[in-house]
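Q: Can you read through this structure? Questions will come right after.
What follows draws every value from the coordinates through simple rules; no lab data is involved. Being a predicted model, the structure only gives us computed values, none of them experimental. Reconstructed Cβ throughout: ideal geometry from the backbone, glycine too, with neighbour counts over all protein chains shown.
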Amino acid sequence: MKNRKPLSLRVPEPEARPGDTPDFSAMKIPEAGTVRRPDPDSPDHEIRDLAYALIRVLDNDAQAVGPWNPRLDPETLRRGLRVMMLTRAYDDRMYRAQRQGKTSFYMKCTGEEACSIAAAFALDRDDMCFPSYRQQGILIARGYPLVTMMCQVYSNECDPLKGRQLPIMYSSKKDSFFTISGNLGTQFPQAVGWAMASAYKGDDRIAASWIGDGTTAEGDFHQALNFASVYRAPVILNVVNNQWAISSFQGIAGGEETTFASRAIGYGLPGLRVDGNDFLAVYAATEWAATRARDNQGATLIELYTYRVEGHSTSDDPSRYRPSDEGKAWPLGDPIERLKKHLIALGEWSEERHEQTQKDVVDEVRAANKEAESHGTLGAGKMPSVKTMFEDVYEEMPWHIRRQRQQLGV
Amino acid sequence: MATMNMIQAINSAMDVMLTKDPNVLVFGEDVGYFGGVFRATEGLQKKHGLTRCFDTPIGEGGIVAVAIGMGAYGLRPIVEIQFADYIYPAFDQIVSEAARLRYRSAGDFTAPMTVRTPYGGGIFGGQTHSQSPEAIFTHVSGLKTVVPATPYDAKGLLIAAIEDNDPVIFLEPKRIYNGPFDGHHDRPVQPWSKHPASDVPDGYYTVPLGKAAIVREGADLTVLAYGTMVHVALASAEDAQIDAEVIDLRTLLPLDIDTITKSVEKTGRCVIVHEATRTSGFGAELAALVQEYCFHHLEAPIERVTGWDTPYPHAFEWDYFPGPKRVVEAMRRAMEA
C-alpha cells in the first residue's frame, strides 16, 4: 500500500436520537419578509438565491410582512384555517379508527396541513394534482365528501375504489386529484406528462405534484425535473421536506449538503425554499409558480420546509429513532396555530370563535364517520361485492380472468 | 395497397393514426428529426409537426411516466423504447403505474398508451440488444402484450394497440424488420417484397388483438410461435417434411386459447418455440395451458424449443438461437413419442 492516509466512509446521522435533547440550532431561519420576490417571469439564473433562502410571510408577532404577502382577504384566511382544522380532526378520527381495528392502516399529515391546503387554495380547482399519500388536505380543500374518504379508508360497500387500494390512496378525477400510488415518486414525472399534454392542447390548466424529501433520491424525481425543463412543462413540483422518511432523517436523502430546492438549479429551473408551516408563504409561492407556468415559462421546484409531527404511518413508532419531543421543539411552529394568531392579530378571529370552529369540525367529522361506518368497516359489515375484484383489470374482461372468477365461484 | 417491409408498415400505422386522431403523439429517443435508429418514425415529424413526433431525453422511466400523465389528460401516446433491453428503467412505471391505473382508480384513470420496442436476437447485438423479455410483461395483470410477425399484421395490430384503451407492450421482432428470416443464417434472406404479407393497405385497418393466425394448416402436430420464430417454424416444417400446423399467436395476452386448443385437439402433439430464455418463459405458460385444456388429446409430451438460460452471447449467436435444426429435432421427438 502506498503511504497515503486511509479513506474513511461517512454515514450521515441526525443531530438528536431518542433520549437526546432536540437540536435545531443548525437551522438558519431568516426573519419573515426578508426574502425578495422577483417577478414570476424572471430568468432562472437570476433567482438562484431563492433556492437557498426561506420564504416566510408570518412574523413572530403573527403579522404578514414583506413582498411575498399574498394579501388574502380575511374570509379566505378563515376558510383556509377551517380546512386545516377539519383535516387535522379527520386525521385524528381515522387514526383512532385504525387503532380500534376498523381499518388496516392510516397516515396523518399533522403539522403539514399548509403544504397541501394553502397550495390547493392558490391553484385553480381544475388544475391537476398528483399527490403523494400526505396531501389529503387537497381533497378536503376542494370539498370532496369526508364520508367518501372514510369509506375508502374502511374499504366498505361505498368505497369508490371498491376495496382495491390501501387506505388513504384516494382518487378523484372530477376533483382533478390523481390516483395515489404507494410507489414513491412515480407521480412526479407523470405530472410533467400531464402538463405537457395541457400545453400541447393549448389548454390553460397546469399540473402540480408533491413528494417527500426522501423521494428526491428516486430516479423519477430527476427525470421529472429533466423532462419539465426540456419541454418547459407548466407544472409545480413540490418537495415536502418534513425532515423524516420513515426513520431516515433528511440527510440520508442528501439534504445536509445543500437544499432540496437547489436541485432545480442544475436543471435550469427556479427553486423556491418556503416555510411550509406558513399558510401565506405556501400560498404565495404556489401562486408565483402558477403565474409563471400559465405564462408558458415552465416549471418551478418548491421545497416546503416542514416537520412530520406524527409517525410515518400507523405502522411506525417514531420514538424509536428520534426524540419524542422533537416536534414541540420545531422552530417553525404549527401551521394552524400560526394562521389562527394571524387572524386574531388582524382582529378577524378570536379564541372563542376558534374553539367553536374546533367543536364544529369535530362534530362534522363525527357525523361523517357515523355515516361511513354504517356502510361497513374493513372486514366487518358491508363490503364491496367480491366479484368486483376481477373487474377493471382491463376495459373488457379477458377470458382467463373471467375463468378465474368462475373458479372462485362469484 | 403497397409493398411494405415491417418498418414501413409500422411507420404507416403511426402515420395513419397521427392523421386520424389529434390526440395521438409519438416520442422516444432519436425518433424525431432523425426518425429512429431503425427508421420506424422516419418522416413523421416532418409531416405532422415537431410537437407530435419528438425526441426525448435518454430516460426510459421518464418517457413512460410522461406518457402515463398524457394518457391521464386524455391523449393517446405511442412511445418507442429504442431496444427492449433498455425497457427495464421504465419497469416501475409500466408495472406499478400504467398497468394498474384503471384497477386502482376503479376506472377513473386509464393509460391508453402503446409502448413500441424492438426485441429479439439474430442480429449480433450481444446481450444488451437481443433480449426477448415478453414473459416479464405477460406476467403483469393489466398489460396486453403483442408480437407481430409480418408487415400486414404489424400495421393492423399496431393500429389496434394504439386504439386500445389499455396499455399495450408492442414487441417488434427486429430480425424480421427487413425480411422473413427463417433461421437459416447461412442462406440469403428473402426481402419482404417476395412475401404475400408485404401487401399492406395504405390506409386504416386493424388486426384485432387477442386473435391468433393459423399460418400453415397441418394434421401432424401444432407449433405455437410468435415473432421471428413463426418463420423459423415454417421453414422447420418444410425441412422436417412434417405436416405441421403453425400458429402465429400475434397477441400473447390476452391469448387466443380457442385457436390453440382446436389445433392441438386435432393434431395431438404440440411444439412451442420462442427465442427467450426457457425457465419461466412464455412457453411454460403455453405448455401448462395446453396440458390443462388438451390433456386427453395429447399423444406426446409437449416440446419446448427456446433460448438457453444464459445471457444472450455475442459470438455464439447461432448456438444460442433456437434455429431450424433444433426445431426439427423437437418436431421429430414429438412425432416419434
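Q: Quick one: P(r) of the range B:152-193 from all Cα-Cα pairs, 10 Å bins, percents rounded to integers, in order of increasing distance.
A: Over the range B:152-193, the share of Cα pairs per 10 Å bin runs 25, 41, 24, 10, 1 percent.
Q: Can you list residues from other chains, or at least 5 along the same chain, whose modelled amide H is less than 5 Å from the amide H of B:VAL305?
A: Excluding prolines and chain starts, which carry no amide H, the hits are B:ILE272, B:VAL273, B:HIS274.
Q: Cross-link partners among aspartates and glutamates for A:LYS382, C-alpha distance below 20 Å, same-chain residues fewer than 8 apart left out?
A: Excluding near neighbours in sequence, the set is A:GLU157, A:ASP159, A:GLU371, A:GLU373, A:GLU391.
Q: Next question, about the same structure. Kindly express, to the nearest 10 degrees and within the range 0 to 90, the angle between helix B:324-336's C-alpha long axis and the longest C-alpha principal axis of chain B.
A: Its long axis makes an angle of about 50 degrees.
Q: For the range B:264-308 and the range A:194-214, compute the distance between their C-alpha centroids and round to whole Å.
A: 47 Å
Q: With 10 Å bins from zero, work out the P(r) of the protein assembly as shown over every alpha carbon pair and list the percent per bin.
A: Values per bin, smallest distances first: 3, 13, 21, 21, 17, 13, 8, 3, 1, 0.
Q: Most fluctuating residue of A:VAL230, A:VAL239, A:VAL309 in a GNM of chain A with Cα springs under 10 Å: which is it?
A: Fluctuation is largest for A:VAL230.
Q: If neighbour count is taken as other Cβ atoms inside 10 Å, put A:ILE168, A:ILE401 in order from fewest to most. Write out the running numbers ahead of the final one.
A: Numbers: A:ILE168 22, A:ILE401 17.
Placing the least packed residue first, the sequence is A:ILE401, A:ILE168.
Q: In nm, give the distance between the simple-model label positions of B:GLU329 and B:SER280, each being 7 Å from the Cα along the Cα-to-Cβ direction.
A: Placing both labels 7 Å along Cα→Cβ, they lie 2.6 nm apart.
Q: Could I ask something else about it? Given labels modelled 7 Å from the Cα in the Cβ direction, how far is it in nm from A:GLN407 to A:SER104?
A: Going from the A:GLN407 label point to the A:SER104 one covers 2.1 nm.
Q: If we sort B:199-208, A:182-191, A:273-282 on the protection proxy, mean other Cβ atoms within 10 Å, highest first, what's the order? Please report the intermediate quantities before stating the final value.
A: Working: B:199-208: 15.5, A:182-191: 26.1, A:273-282: 29.4.
The peptides rank, most packed first, as A:273-282, A:182-191, B:199-208.
Q: With only alpha-carbon atoms counted, please give the Rg and Dmax of the range A:1-99, in Å.
A: Cα radius of gyration and Dmax of the range A:1-99 are 22.1, 72 Å respectively.
Q: Separate question: For the residues A:PHE24, B:PHE124, A:PHE221, what sequence is obtained by ranking on other C-beta atoms within 10 Å, fewest first?
A: Details: A:PHE24 15, B:PHE124 11, A:PHE221 22.
The order, fewest Cβ neighbours first, is B:PHE124, A:PHE24, A:PHE221.
Q: Can you sort A:PHE260, A:PHE390 from fewest to most other Cβ atoms within 10 Å of each residue's own Cβ? Don't skip to the answer; put the middle values down first.
A: Values: A:PHE260 26, A:PHE390 17.
Least crowded to most crowded, the residues run A:PHE390, A:PHE260.
Q: From the helices alone, meaning DSSP H stretches of at least four residues, give me the mean residue ellipticity at 222 nm for chain A, per-run term -39500 (n - 2.57), in deg cm²/dmol to the nearest 500. Provide the component values of the computation, followed by the final result.
A: Values: 11 runs with 142 residues, N = 410.
About -11000 deg cm²/dmol.
Q: How large is the helix-only mean residue ellipticity at 222 nm for chain B, computed as the sum of -39500 (n - 2.57) over DSSP H runs with n ≥ 4, divided by its residue count, in deg cm²/dmol to the nearest 500?
A: Values: 11 runs with 110 residues, N = 337.
The per-residue figure over chain B is -9500 deg cm²/dmol.
Q: What longest range of chain B stays clear of loop-exposed GluC sites (Glu not before Pro) (DSSP non-H/G/I/E/B, at most 14 other C-beta within 10 angstrom)?
A: Working: sites that count: B:GLU217, B:GLU299.
Longest stretch, sites excluded: B:1-216.
Q: Additional query: Ratio of alpha-carbon Rg to the 2.2 N^0.38 Å globular estimate for chain A, to two decimals, please. Could the numbers behind the result be given before it?
A: Working: Rg = 22.1 Å, N = 410, 2.2 N^0.38 = 21.6 Å.
Dividing the Cα radius of gyration by 2.2 N^0.38 Å gives 1.02.
Q: Here's another thing I want to ask about it. Counting other C-beta atoms within 10 Å, and keeping those with at most 10, which DSSP coil GluC sites (Glu not before Pro) do you find in the range A:171-260? Don't jump to the answer; show the numbers that get you there.
A: Numbers: sites: A:GLU218, A:GLU256, A:GLU257; in loops: A:GLU218, A:GLU256, A:GLU257.
Passing sites in the range A:171-260 are A:GLU257.
Q: What is the Cα centroid distance between the range A:357-391 and the range B:151-197, reported in whole angstrom?
A: The two parts, judged by their Cα centres, are 52 Å apart.
Q: Throw me the Rg/Rh for the range B:130-179, computed over C-alpha atoms with Kirkwood Rh, two decimals.
A: Ratio of gyration radius to Kirkwood radius for the range B:130-179: 0.98.
Q: For the range B:2-200, report the translational diffusion coefficient in µm²/s to the nearest whole number, using Stokes-Einstein at 4 °C, 1.567 mPa s, and a Kirkwood Rh over Cα pairs. Working shown, then result.
A: Numbers: Rh = 16.8 Å.
Calculated translational D: 77 µm²/s.
Q: Now, a different point. Greater than 18 Å separation of Cα atoms is the criterion. Which listed pairs, B:LYS211/B:LYS262; A:LYS108/A:LYS370; A:LYS102/A:LYS162; A:LYS174/A:LYS370; A:LYS102/A:LYS370, meet it? Intermediate values should be presented prior to the final figure.
A: Working: B:LYS211/B:LYS262 13 Å; A:LYS108/A:LYS370 20 Å; A:LYS102/A:LYS162 16 Å; A:LYS174/A:LYS370 25 Å; A:LYS102/A:LYS370 13 Å.
Going by Cα-Cα distance, A:LYS108/A:LYS370; A:LYS174/A:LYS370 fall outside the 18 Å limit.
Q: What does the range A:140-214 give for Rg and for Dmax, in Å, if only its C-alpha atoms count?
A: For the range A:140-214, the Cα-based Rg and Dmax read 14.1, 40 Å.
Q: Then there's this: What longest range of chain B stays clear of loop-exposed trypsin sites (Lys or Arg not before Pro) (DSSP non-H/G/I/E/B, at most 16 other C-beta within 10 angstrom)?
A: Details: sites that count: B:ARG39, B:LYS211, B:ARG278.
Of all site-free stretches, the longest is B:40-210.
Q: Then there's this: What's the angle, to the nearest 10 degrees (0 to 90), between helix B:228-240's Cα axis and the longest principal axis of chain B?
A: Around 20 degrees separate the two axes.
Q: Another question about this same structure. Starting from the exponent 0.38 and prefactor 2.2 Å, build the expected Rg for chain B from its residue count and divide its actual Cα Rg by it.
A: Working: Rg = 19.3 Å, N = 337, 2.2 N^0.38 = 20.1 Å.
Computed over Cα atoms of chain B, the ratio equals 0.96.
Q: Can you give me the angle between helix B:282-294 and the longest principal axis of chain B, using Cα atoms only, in degrees from 0 to 90, rounded to the nearest 10?
A: 60 degrees
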